[in-house]
Amino acid sequence: MNTNFINQKRILVSTKIMLTTRMAEVDLDKYKVNLITHASQNNIILLALVDVSFLDMTFNFYETSIQKFNITNYLFIAIDHQACDTLLAKNIHCYVYMTDPNANKATIFRSFDFNQKMNIRTFFILDALKFGFTILHTDVDIIFLNNPLRDLYSSVDEDLACLSDTGSCNAGFVYIKPSNFTIDVYTKMKNLAISTKLDDQTALNKVLQSIMEKNTKVYRKKKLLSVSKYQCGLEYFEHGHRYFADSATCPQCIVVHNNWIVSKEAKRYRFREVLLWSYDDNGYYSNTTTKYLMYSNPTSIRTSTINSSNVELDALKTALFLGHVLNRVVILPRFSLTNKRERPLNNWIKMSCFDNQFFGKYRENAFFHHPKVPQNIKDDITTPFWIKTEKSVAMLVHHPSDITLLTPHDNRTATTEEIVDWFRDIKSAVLNFHSLYGIFSSQYVPKSFEIERFYRKIELAFIPTDYRQLRNLGKSCYI
């Protein structure tokens, strides 16, 4: 018999045993009490799965969506005690439904551990439906631009309404009324969770398709929400060309799902670049003593013999080196496609690997547009500096004016010592550079034994990928 088939069977058997054991730990009486305590008078409640690995995303969802619209009929469903204790300490409603051994790590999209974690949502939704509650189930990588509960309550006649993911039901945003139909759907999903390796979204669509093939009348019991008001990540960010703070707004939008992109780090970065991130973790925005470094990527560079994206990524490596030696946080510039359209950093490199090496050492391009950044920081910016070398002169089509010009002793390259001498005594909050193309003769930083460790950080941080972070998905950030 095929060895792979035997291994797959063993995994499914062990999964069934594990899920059965974990479901046995669910205290349905306590769960029901929590639902009753936090639901509205007409038994409507918002439920969202949370674990410690996604706490920052959860806090952002709470600030931008729950707190902003004064939603009180909500309950975060935790799968570990640390996450729930942290939320409860801030007077945020939370209940530990069951524990999951992978709660402390952000699991990889569509991995076995990811699917198992997502299937817990099926279990707590089914239990709540059996208790007679109408549920708005939402992921925490979602933003409410308006209060969806009001719109859903007044406009949804069907038993189940979900956000459309290119024509399929998105299990991360579903409005579900208690009925024989919805209980049947989620019961079948539960059975699939126990007997297969499917995630809850695949299971939801598979079950709906199966039911509708047998009984066409149930089409009236389910609907996809309006794409103009409830948008997935593909629709809002990519089709809407929303990449930066000055991108077009969406006045009719009610909900935005930050999906169609892989990894928590990429989701967080994308939210920040379009000012949909509010959580000020450890003074990320509001710190008054942090010093910054900013620069731009002029598009008027000579690209006949060079790749512009490689040049811009080398400039970022240079900026990170300058930040390292000057103890300043780098403000990311905008990056250019070959047709001169601007894109954020996740278009080129794997953000999970980048954050592994430089978390806290950079800020998004939209940073100074954020209302929580102190005005005195925004105003305390130096005039632009330009370090003139043979290479930087050759690379720019138009040489800058209205700048402070710095020329190294050797016009082929600046040195670390010169960088420190030029900038160490500058007290301004923001050190501003016109550009950072070609200021070092060898690649992007001066070579020396002392900065060999920095080279290694760069090597580990700059793993190439695509906008959705799918290329090199399984590649380790540590090899």
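The values are calculated or read from the model by the stated rules, or taken from the named source; none is laboratory data. None of the values given here were measured: they were computed from a predicted structure. Every residue, glycine among them, receives a Cβ derived from its backbone with ideal geometry; neighbour counts consider all protein chains shown.
Residues of the range 237-260 include none that is under 27 Å from Phe181 (Cα atoms), out of contact with any helix residue (DSSP H, G or I) (no Cβ under 7 Å at 6 or more places or on another chain) and among the aliphatic types (A, V, I, L, M).
Residues in the range 342-369 that are in a loop (DSSP other than H, G, I, E, B) and in contact with a Phe, Trp or Tyr (Cβ under 9 Å, 6 or more places away or on another chain): Pro344, Trp348, Lys350, Gly360, Glu364, Asn365, Ala366. Looking across the range 236-260, the residues that are free of Cβ contacts under 8 Å to residues at least 40 places away in the same chain and either within 16 Å of Thr64 (Cβ to Cβ) or under 16 Å from the mean Cα position of the chain (by Cα) (or both) come down to Tyr236, Phe237, Arg242, Thr249.
Condition first: over 22 Å from the mean Cα position of the chain (by Cα) and of a type in the set (Lys, Arg). Can you find one or more residues in the range 261-284 that meet it?
Let us first name the residues in the range 261-284 that are over 22 Å from the mean Cα position of the chain (by Cα), namely none.
Scanning the range 261-284, I find no residue that is over 22 Å from the mean Cα position of the chain (by Cα) and of a type in the set (Lys, Arg), so the answer is no.
Report the residue count in the range 315-328 for those that are outside any helix (DSSP H, G or I) and surrounded by fewer than 21 Cβ atoms within 10 Å (Cβ to Cβ).
Let us first name the residues in the range 315-328 that are outside any helix (DSSP H, G or I), namely 327-328.
From the residues that got through so far, the ones that are surrounded by fewer than 21 Cβ atoms within 10 Å (Cβ to Cβ) too are 327.
Result for the range 315-328: 1.
Restricting Thr383, Thr389 to those that are closer than 21 Å to Ala429 by Cβ, touching a residue at least 24 places away in the same chain (Cβ under 8 Å) and of a type in the set (Ser, Thr, Tyr) reduces the list to Thr383. Checking Thr64, Thr3 one by one, the residue that is at pLDDT below 95 and more than 15 Å from Val96 (Cα to Cα) is Thr3 and no other. The condition of being of a type in the set (Phe, Trp, Tyr) and either in contact with a Pro (Cβ under 8 Å, 6 or more places away or on another chain) or crowded, with 19+ Cβ neighbours inside 10 Å (or both) holds for only one of Phe359, Phe367, that being Phe367.
Restricting attention to the range 81-98, which residues are more than 11 Å from Ile120 (Cβ to Cβ) and touching a strand residue (DSSP E or B) at 6+ places or on another chain (Cβ under 9 Å)?
To start, the set of residues in the range 81-98 that are more than 11 Å from Ile120 (Cβ to Cβ) comprises 81-96.
Selection gives His81, Ala83, Cys84, Asp85, Thr86, Leu87, Leu88, Ile92, His93, Cys94, Tyr95, Val96.
The one condition from (1) in a loop (DSSP other than H, G, I, E, B); (2) surrounded by fewer than 18 Cβ atoms within 10 Å (Cβ to Cβ) that Asp151 does not meet is (1).
Can you name every residue in the range 438-479 that is of a type in the set (Phe, Trp, Tyr) and either modelled with pLDDT of 95 or more or within 28 Å of the chain's Cα centre (by Cα) (or both)? Even if it seems obvious, please write down each step before you answer.
Kept after step one, since they are of a type in the set (Phe, Trp, Tyr), are these residues of the range 438-479: 440, 444, 449, 454-455, 462, 467, 478.
Hits for the range 438-479 are Phe454, Tyr455, Phe462, Tyr467, Tyr478.
Candidates in the range 148-168 are the residues that are in contact with a helix residue (DSSP H, G or I) (Cβ under 8 Å, 6 or more places away or on another chain) and aliphatic (A, V, I, L, M); of these, the one that is nearest to Ser226 (Cα to Cα) is Ala161. Screening Lys177 against (1) of a type outside the set (A, V, I, L, M); (2) surrounded by fewer than 18 Cβ atoms within 10 Å (Cβ to Cβ); (3) in contact (Cβ under 8 Å) with a residue 12 or more places away in the chain leaves a single unmet condition, (2).
From the list Asn287, Asn282, Asn205, Asn191, the one residue that fits, being part of a helix (DSSP H, G or I), without any contact (Cβ under 8 Å) to a residue 40 or more places away in the chain and farther than 21 Å from Val174 by Cα, is Asn282.
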